[in-house]
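Asks: First the structure, then my questions, so here it is.
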Amino acid sequence: MSGPIHIQPGETFTLNVGPQHPATHGVLRVKMEMDGEYIVKAETVLGYIHRMHELMGENRTYPQVLPNLSRLDYLGALGYTHGHVLVIERAAGIEVPERAEYIRAITVELNRIASHLFWFGAFVMDLGGFTPLMYAIEDREYILDILEAVTGSRLTYCYYRFGGLYNDVDDDFISATRAFIPRMRKQLKKYDALVTGNIIFRKRLDGIGIIPAEMCRKYGATGPVSRGAGIDFDVRKNEPYSVYSEFDFDTPVYHECDSLARYKVRMDEMEQSLRIIEQGLDKLPDGPIMPKKKPKLIKPPKGDYYQAVETARGSFGIRLVSDGSKNAYRFKLRSPTYSNMSLFDEACEGMLIMDALAMMGSLDLVIPEIDR
Amino acid sequence: MSLTIFNALVAVVAAIAFAALNAAYLVWAERRGAGRIQRRPGPNVNGPLGLLQPPADGLKLMAKQLTIPGGADKALFVVAPVLAMVPAIMSFVTIPFSDTIVAHSMNIGVLMLFAFASLGGLAILFAGWGSRNKYGVMASVRAVSQSISYEIPMLITVITIVMITGTMNLKDMVAAQAGGFWNWNFFPSFSSPLMPISFLLFFVCTLAETNRAPFDLGEAESELVAGFHTEYGSMGFGLFFMGEYANIVIGTSLMTILFLGGWNCPFGLYPGVWWFLIKVYLLIFSFIWIRWTFPRTTIYGLLNLSWKILIPISLFNLLLTAGLLKVF
Amino acid sequence: MGTYFSDIIRGLWSLLIGLSITFKEFFKPVVTVPYPFKTIKMTERYRGHVELIENDEGKPKCVACGMCQRACPSGCISLASKSVSYEVEVKGEMKTKKKKVLTKYDLDFTTCSLCGQCVESCNFQALTFSKEYNLASSRKEDFHFDLLNRLKERNS
């Protein structure tokens, strides 16, 4: 329903959506210049939950930064800690045993499904349907139980270590994960019938909230947002890290650029993650989970290092500048949601507030990750 | 029937008691029902099955202070919740629960019900405008356009029923459907072949008129915080809440009377108030069921549905029924 | 005109499918745990706040080396010790030796991020994770744990 609108000067009003508003899922604030229900101009205001994780990364020793990374994105924390350990392993030249890499891939994909499930529920709740959230949380609880039995925590994991893992997985983990895969496939079919096919749901998303590929490139949007705009880019495929080159999986890409395309990308990604987990469990080698020789104190040689990983929200990159000491000289986090959100201002112009907030839901914003 | 002061008092007290009790326990039923649908128990701590939850909620609301936001239109702000509740209670006066249980049977009962139903939109407008809240104003504008566009197909459908039964008295309407379920207006007859569609139409309109999901645009919590009652706390909010549920009871009662044969048994046996209540509560269950299944529509989707689908179909049905009534 | 009616019917059908799913769920058993009345036992590897481990004599294994204090990212561990001299028999001779004895081990749980670095850094296996998760209080002081005291209470 977005189209050319004719605004009388002086006939607009300012609407503050947030920092406490049900649709922003946190403390994001959007200053909207409104003409009735139409948005004339929007301005996102950040910084309500800034915690200086980057500075902490520079002031603490390398192992001490480990718990920080899982506080960025509390829904898909393992992906972020994965990026962190990868960049430091690359910098310090630590070899990672194969078993540890496989377990990392399996747990990251489990966490990705958990994150997408929660997004799915929250997104449908943004559109006014409450029940799918409860179903999604029930499934997510299975994943959290599996991960809790291995990592010891439910949300803010601190599981990966430089060179390997905190502890090894047991048979319970493998059998529980194997049992989870068919269950999740069944549940995905249910979600398809309950939500994806629903006429009200489709009417609210189909052709609404257009984010074209040029806009994604302009703002650096990655992940499901850019894949919903037809850009076939997935860090796991394009710049394979860890053991992702060993897995056979597809990158779902849709060319419609609307909210429904982004929704479909994430729903398909869950299926692909299940495939990766299945293959990972089949291929899981025996062996140690920590390298035999590991430097006691981690002091990467002088240099500039970068590592990008594909998290649930997009491409997450860490740039590490080391001066050879036990602290990082520069610790820069490139968080995907920040780029994904910055296009909201431009994309929502001329939209109805309902559609704009539905589009915001389809961006999958996690505010602590934007503000870091 | 003569209307003495005593009769009127009893009727009003009974109506208020019925409305308040229903409102309180429908909230409980809604929360329990939503809980079951979402695989959780719902309120279960206060009393057996959580049955003491509504009195506890009521006490909490009454104990709270009623705050009027600065810059609000005081008169409108205070009047709005009352205006939401009073017409809902007044409507109970004409509803025949059974052959004998009716406060005042009127020859223009249908007209009176719809006159009162329209006042509900006014209450929302007052509340949104009076509380001087941008979300409130947006919500009330939405709610008014919604109630206007849904009253039209609703009234057209009612006219169809009035043509079939030949009366505007609710009691006589039910009497015209006496016998088995094949006599109900819901089932198609030679003169009215499209009645099931009419019922569906009326059902959708009732959902929209009572601001229930998926048409709860007036209080779309993910966009407009709490819509028109954003600024209301205490019993102001409580009255809106009770008014909403009282309206649901009236809407479903009306559906029962117009389409489902009122207090008549489906097989013509033992007609009585229990049949009426069974039908009403089954319909209310379906309201709860729908609310916890679907996402919310958009405002333009809602208007499109009304003007492009419901109104043409109801008009066609009216014309068809009028023509067929002339033939048979 | 054909698409007009087929759209309506297809839309209605999709709504009915949704209703049938929620109706089925209505009769399925509840999956939640009524929390305050029933609690879940934490898994073997659950990481609560840290706890001291005792040796055979019921004293803490901790030798007060301070590794955990240094490893902690949030600086929430503070410990104190005193030197105690004791006599041991070495090759038939009595010798006085000194050793550190833990006198205070405070954990400020308000800043702890449950990363487990303290347990990993410990070379004497003197620390472990507790399985407690029912920690709730309206007072900040309730989360300043004196782990030595907790050990004593556990033993008594």
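Only the coordinates and a few stated rules stand behind these numbers; no lab work does. Because the structure is a prediction, the values reported are computed rather than measured. All Cβ positions, even for glycine, are placed from backbone atoms using ideal geometry, and neighbour counts span all protein chains on display.
Asks: Using the Cα gyration tensor of the stretch A:126-252, with a ≥ b ≥ c the square roots of its eigenvalues, what is the shape: rounded (a/c below 1.5), prolate (a/b larger than b/c) or oblate (neither)?
Replies: Judged from the Cα gyration tensor, the stretch A:126-252 comes out oblate (a/c at least 1.5, b/c at or above a/b).
Asks: Pick out, from A:Gly324, A:Val195, B:Thr321, the residue whose Cα sits farthest towards the positive end of the charge dipole of the protein assembly as shown, with +1 on the Cβ of Lys and Arg and -1 on the Cβ of Asp and Glu.
Replies: After comparing all options, I get A:Gly324.
Asks: Here's another thing I want to ask about it. Taking amide hydrogens as modeled 1.01 Å from N in the peptide plane, which residues meet the under 5 Å criterion relative to A:Ala42, leaving out close sequence neighbours?
Replies: Counting only residues 5 or more places away or on other chains, the set is A:Glu33.
Asks: Within the stretch A:218-367, how many Lys pairs that are eight or more residues apart, or on different chains, come under 27 Å at the alpha-carbon?
Replies: For the stretch A:218-367, qualifying lysine pairs total 22.
Asks: Okay, next question. Which lysines have a Cα lying under 16 Å from the Cα of C:Lys98, excluding residues fewer than 8 positions away in the same chain?
Replies: C:Lys82
Asks: Identify the residues of the stretch B:199-239 with backbone N under 20 Å of a label point that sits 7 angstrom from the Cα of C:Ile17 along the Cα-to-Cβ direction, or state none.
Replies: What the label zone holds, given the 20 Å backbone N cut-off, is B:214.
Asks: For chain A, can you list the cysteines whose C-beta has no other cysteine C-beta under 4.7 Å from it?
Replies: A:Cys216, A:Cys257, A:Cys348, each lacking another Cys Cβ under 4.7 Å.
Asks: For the stretch A:310-372 and the stretch C:70-98, compute the distance between their C-alpha centroids and round to whole Å.
Replies: Centre-to-centre distance over Cα atoms comes out at 50 Å.
Asks: Give the calculated FRET efficiency between A:Glu349 and A:Ile231 to the nearest 0.05, with a Förster radius of 22 Å applied to their Cβ-Cβ distance. Show your work: numbers first, answer last.
Replies: On the way: r = 22 Å, r/R0 = 0.99.
Efficiency for this residue pair is about 0.50.
Asks: Now a separate question. With +1 on each Lys and Arg Cβ and -1 on each Asp and Glu Cβ, and nothing else charged, work out how big the dipole of the protein assembly as shown is about its Cα centre, in Debye to the nearest 20.
Replies: For this selection, approximately 1800 debye.
Asks: Picking from A:Tyr263, B:Tyr232, C:Thr128, whose Cα lies most toward the positive end of the charge dipole for the protein assembly as shown (charges on Cβ: Lys, Arg +1; Asp, Glu -1)?
Replies: C:Thr128
Asks: Other chains' Cβ within 10 Å of C:115-123 residues: what's the mean? Kindly include the intermediate steps, with their values, before the conclusion.
Replies: Numbers: counts 12, 10, 6, 0, 1, 3, 1, 0, 0.
Mean partner shielding for this stretch: 4.
Asks: Calculate the spin-label point distance for A:Ser245 paired with C:Lys97, positioning each point 7 Å from the Cα along the beta-carbon direction, and give it in nanometres.
Replies: With each label placed 7 Å out from Cα toward Cβ, I get 5.4 nm.
Asks: Compute the helix-to-body angle for B:109-130: its Cα long axis versus the longest principal axis of chain B, expressed 0 to 90° and rounded to tens.
Replies: 20
Asks: Still on this structure: Taking the Cα centre of the protein assembly as shown as the origin and placing charges on Cβ (Lys, Arg +1; Asp, Glu -1), which of C:Ala80, A:Ala347, A:Gly121 is farthest toward the positive end of the dipole?
Replies: Final value for the positive-end residue is C:Ala80.
Asks: Please give the FRET efficiency for B:Val78 paired with B:Asn46, using the beta carbon to beta carbon distance and R0 = 30 Å, rounded to the nearest 0.05.
Replies: Result of the calculation: an efficiency of 0.45.
Asks: How about the stretch C:50-154: which GluC sites (Glu not before Pro) there are in a DSSP loop, with at most 12 other Cβ atoms within 10 Å of their Cβ?
Replies: Sites meeting the loop and neighbour criteria: C:Glu57, C:Glu132.
Asks: Measure nothing but the geometry: give the 0 to 90° angle between the long axis through the Cα atoms of B:273-291 and the longest principal axis through the Cα atoms of chain B, rounded to 10°.
Replies: Approximately 60 degrees, to the nearest 10.
Asks: Any idea what the dipole of the stretch B:68-327 comes to, in debye rounded to 20, about its Cα centre with Lys/Arg Cβ at +1 and Asp/Glu Cβ at -1?
Replies: Details: 11 positive and 11 negative charges, 50 e Å.
My answer is approximately 240 debye.
Asks: Around A:Val96, what is the net charge, scoring Lys/Arg as +1 and Asp/Glu as -1 over all other residues with Cβ under 13 Å from its Cβ?
Replies: Cβ neighbours under 13 Å give a net charge of +3.
Asks: Moving on. Could you work out how far helix B:311-327 tilts from the main Cα principal axis of chain B, as a 0 to 90 degree angle to the nearest 10?
Replies: The answer is roughly 20 degrees.
Asks: Can you give me the pair-distance distribution of the protein assembly as shown, C-alpha pairs, 20 Å bins, whole percents?
Replies: Taking every Cα pair in the protein assembly as shown, the percentages come to 13, 39, 31, 14, 3, 0, 0.
Asks: Next question. Once label points are set 7 Å from the Cα along Cα→Cβ at both A:Leu15 and B:Ala56, what is their separation, rounded to one decimal in nm?
Replies: Between A:Leu15 and B:Ala56, the simple spin-label model gives 3.6 nm.
Asks: Convert each backbone phi in the stretch B:219-234 into a coupling constant with the Karplus relation 6.51 cos²θ - 1.76 cosθ + 1.60 (shift: θ = phi - 60°), then list the ³J(HN,Hα) values in order as whole Hz, x for Gly and Pro.
Replies: Listing the rounded values in order: 10, 4, 5, 7, 10, 10, 6, 10, x, 5, 9, 4, 8, 8, x, 6 Hz.
Asks: Compute the Cα gyration tensor for the stretch A:58-371, then decide on rounded, prolate or oblate, letting a ≥ b ≥ c be the square roots of its eigenvalues: rounded whenever a/c is under 1.5, prolate when a/b is larger than b/c in the other cases, and oblate in all that remain.
Replies: oblate
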